Amino acid sequence: MTFEGKAFLLITLAVGAAAINTGNNLLYLALCMNLSLIVVSGFLSEWTLRKVILSAQAASDAFQGIESFLAIKCSAEIKRFPSISLVLKMRFDTETVTVHFPDIPPHGTATRIAGFRPQRRGPMGSVSGTLSTLFPFSLFEKSMDAQISMDLLVYPRPIFPAFQGGSHQEAGPSETPWSAGRSGAFPRDVREHLPSDPVRDIHWKATARLEKWMVKERETEGSPFVELRVPVPCPPNEFETRLSEACGMVIDLDRREIPFLLRIGERTISRESEGRAAALAALAVARADGGEIKAKEAAP
């Protein structure tokens, strides 16, 4: 019951007491009107809440401990009446996200973007919440428990490498990454500099002549790439740190378009064949014992 509802109920009781004591028909009529408003309010608020379908999906990449965004959809596709003044409160581990849906027409859908901060990595299949409304007179708040289906994968909190450009040595989350095809002894040609190329391979004369960084291309040189390794099995605290460092490296290397291989135990993910999303997904569901996190294990 809202503050206005309490005031309305007190007025109704006062009108009823006055009608009984005086026997005035007008007061009885006023009492009946007030009571009918309460009944109508209950019916209309019930119609507003019924047959509403809620779902949520990621509106941005979700990282553990970092503010992310959800696209929350409220659908009235199977309703003959509109849903008005709905408020959805979604309960996560340490916070409650509130979303307002002022008006959803019958057979229509409304989508709202809301921010939240996930506290654990892994898949999220559903989240519990409360759907409420003050419609139509704001005298009472009617609510119902809701289970919001989600299609969301929370990635580890990224720890980005401290270096900027230059060699990728000392950049690996577990072991020193390496560039493939650097074993050639004799220069064959020159090419433009890549962030993974060591300083020792810079061709200074070609750089001065062309006014851009050039490096020596060696005879047996292939495509440079970085290998990232996350050891499995691993102590849980150390494992989470390894995942965060690998996540930061994957994002950094992908942004600079540098090929990489990510190895988590026996599993291997390549940027060239599977892409950034597959690498981040593998980090999100990895477990220290070598298994994978299931949706029911990660649900808040």
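Things worth noting here:
- Among 87, 40, 127, the residue with the largest mean-square fluctuation in a Gaussian network model of the chain, with springs joining Cα atoms closer than 10 Å, is 40.
- The stretch between residue 87 and residue 267 holds 60.4 nm of extra length on full extension. This uses 0.36 nm per residue minus the Cα-Cα distance.
- GNM on the chain, alpha-carbon springs under 10 angstrom: the most fluctuating residue among 148, 104, 11 is 11.
- Full-stretch length increase - residue 44, residue 151 - with 0.36 nm per residue and alpha-carbon distance subtracted: 35.3 nm
- Among the GluC sites (Glu not before Pro) in the range 233-273, those located in a DSSP loop and surrounded by at most 13 other Cβ atoms within 10 Å of their own Cβ are 257, 266, 272.
- Cut-off 11 Å between beta-carbons: net charge of the residues surrounding residue 243, Lys and Arg +1, Asp and Glu -1: +1
- Centroid-to-centroid separation of the range 242-295 and the range 52-123 [C-alpha atoms, Å]: 28 Å
- Backbone N atoms of the range 130-165 closer than 15 Å to the 7 Å Cα→Cβ label point of residue 202 belong to residues 164-165.
- Semi-axis lengths (Å, descending) of the ellipsoid that matches the C-alpha gyration tensor of the range 56-170: 37, 14, 12
- In the range 225-300, the chymotrypsin sites (Phe, Trp or Tyr not before Pro) that fall in loop regions by DSSP, at most 11 other Cβ within 10 Å: none
- Once the C-beta distance of residue 117 and residue 137 is scaled by a Förster radius of 35 Å, the resulting FRET efficiency is 0.45 to the nearest 0.05.
- Contour excess over end-to-end distance, with Cα ends at residue 25 and residue 71 and 0.36 nm allotted per residue: 11.1 nm
- Using distinct alpha-carbon pairs, which all enter the 1/r mean, Kirkwood radius of the chain in Å: 24.0 Å
- Taking label positions 7 Å along the Cα-Cβ direction at both residue 192 and residue 213, the computed distance is 1.2 nm, reported to one decimal.
- Taking amide H as placed 1.01 Å from N in the peptide plane, residue 203 has its amide H under 5 Å from the amide H of 214, 215, 216, each at least 5 places away in sequence or on another chain.
- Under the span-like rule (Cα at least 30 Å along the axis, Kyte-Doolittle mean at least -0.5), DSSP H helices of the chain: 25-49
- Highest-fluctuation residue, 74, 234, 32 considered, GNM on the chain with Cα pairs under 10 Å: 32
- For the chain, the 222 nm mean residue ellipticity estimated from helices alone, with every DSSP H stretch of n ≥ 4 adding -39500 (n - 2.57) and the total spread over all residues, rounds to -9500 deg cm²/dmol.
Where a number appears in this text, it was derived from the coordinates with a stated rule and is not lab data. Only a predicted model underlies this, so the values are computations on that prediction, with no experimental measurement involved. Cβ atoms come from the backbone with ideal geometry, glycine included; neighbour counts cover every protein chain shown.
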